[in-house]
1. Using Cα springs under 10 Å in a Gaussian network model of the chain, which residue among 257, 19, 213 shows the largest mean-square fluctuation?
2. For the chain, take the longest principal axis of its alpha carbons; what is the angle in degrees between that and the long axis of helix 225-236, to the nearest 10 within 0 to 90?
3. Of the candidates 243, 27, 260, which one comes out as most mobile in a Gaussian network treatment of the chain with C-alpha springs shorter than 10 Å?
4. If every alpha-carbon in segment 18-78 counts as one equal scatterer, what log10 I(q)/I(0) does Debye give at q = 0.21 1/Å?
5. I'd like the antiparallel share, as a percent to the nearest 5, of DSSP beta bridges with both residues in segment 216-336.
6. Grab the Cα-Cα distance for residue 235 and residue 221, subtract it from 0.36 nm times how many residues apart they are, and report the gain in nm with one decimal.
7. May I ask for the distance between the Cα centers of segment 282-351 and segment 194-252, given as a whole number of Å?
8. Along the Cα-to-Cβ line of residue 58, 7 Å from the Cα, sits a label point; which residues in segment 333-351 have backbone N less than 13 Å from it?
C-alpha cells in the first residue's frame, strides 16, 4: 500500500460490518491475510493519545517504497494489528530503528531470502506491557508479543510497500513475517542485558530490530560449558548460510538452563562469543562453487585470498555474535541465523 492509498484507507467510509471491512481489506491488500481490527477514526484517536508527538510527524521513510511513516500511519497499522495504545511508543522507536542505514531495510524488504524483522524489547517497559520473555516467548499466547510484531510487519507492507510477490520477493517467506517479538529475561540473567551491553542504562526501555532468517531449536543436555558451546557451534555451521558468504550477525536466544551452565563456568559474554566464533569456522570448500565466488567478492578484503582450506568465520568479529537470555525451563536454546548484510539497531523508547 502506498502512502496515498494508506491515507485513503484511513478515511474510507464503509458499513460498520467487520466481515465487510475485512473483505474490503483483503481485496485491496491492506491486510496480512489475517482478520484486522477496523482502524476507525475513534480507535486511531485513542491510539494517538498515547504519545505527545503530532500525528503528521514523519518518523522515517520505510523502504523499499519509502512511504512516509507518520505517527498517524503507524497508529493505523497498530490498530489493525490489535495493539493497545500503550504499545505505540515501541512501534515508533522500532520504525525509526529500521530506517537506520546499518539495518539495510531496502535489501531486507526486497530479497528472495525469508527475512523477517524480529523485535526485542528491554527495560522496564517490557514488564509494564507484559511482553513475554519466558515460556513460549517467541510462540503464541501473549497479546503484546503477537500484536507488536504483527503491527511492525503491517508497517513494512503498508507504508514500505513490500507486498508479497511485488516488492517483497521472498521465495518462500516464513511464519515470522506475520509476527516476531519477545522481551529479554532480565531477571534470570548471568550477564548484562542486551540494552545495557549496547550502551543504555538498565532503567531505560529500548527496542532492538533484527533481520532474522528463521529459528533453529538447539536441544542439548550437555552439562559442561565446553561441551555446550561445542555442540552449539557445530549447529551454526551450514554451507547455505548468507552469514558465511558475507560475515554476518548470528543471534542466540540462550535458554535459562543453558545460561546457568555458562554462569557456573564463570564465562562472560565475550568469552562465549569468542568460543562460538572460533569453533564455528567452516572451510571454504564446503560452499557451492557459486557461493565461493560470492564469498570472494564479499570477504577477500577482510580475510585475504580464499583457498579451499581457508576457514570462514560466521561473523567478521566475535563481537558480531549476539546473545540474549529468554525462554522457560528446559534444555533448549534457539539459533537465529540472520540476513548477513544487516546489523541490528537498538533505539530508546520514548514514553
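Only the coordinates and a few stated rules stand behind these numbers; no lab work does. Note that the coordinates shown come from a computational prediction; the quantities given were computed from them, not determined experimentally. Every residue, glycine as well, gets a Cβ built from its backbone with ideal geometry; the counts of neighbours run over all protein chains shown.
1. Per the Cα network of the chain with a 10 Å cutoff, 19 tops the list.
2. 60
3. Comparing 243, 27, 260 in a Gaussian network model of the chain, the most mobile one is 27.
4. With no solvent term, the Cα-only Debye profile gives -0.92.
5. Numbers: 9 of 14 bridges.
Close to 65 percent.
6. Working: separation 14, 0.36 × 14 = 5.04 nm, distance 1.43 nm.
Here the answer is 3.6 nm.
7. Using only Cα atoms, the two centres lie 9 Å from each other.
8. Flagged as within label range: none.
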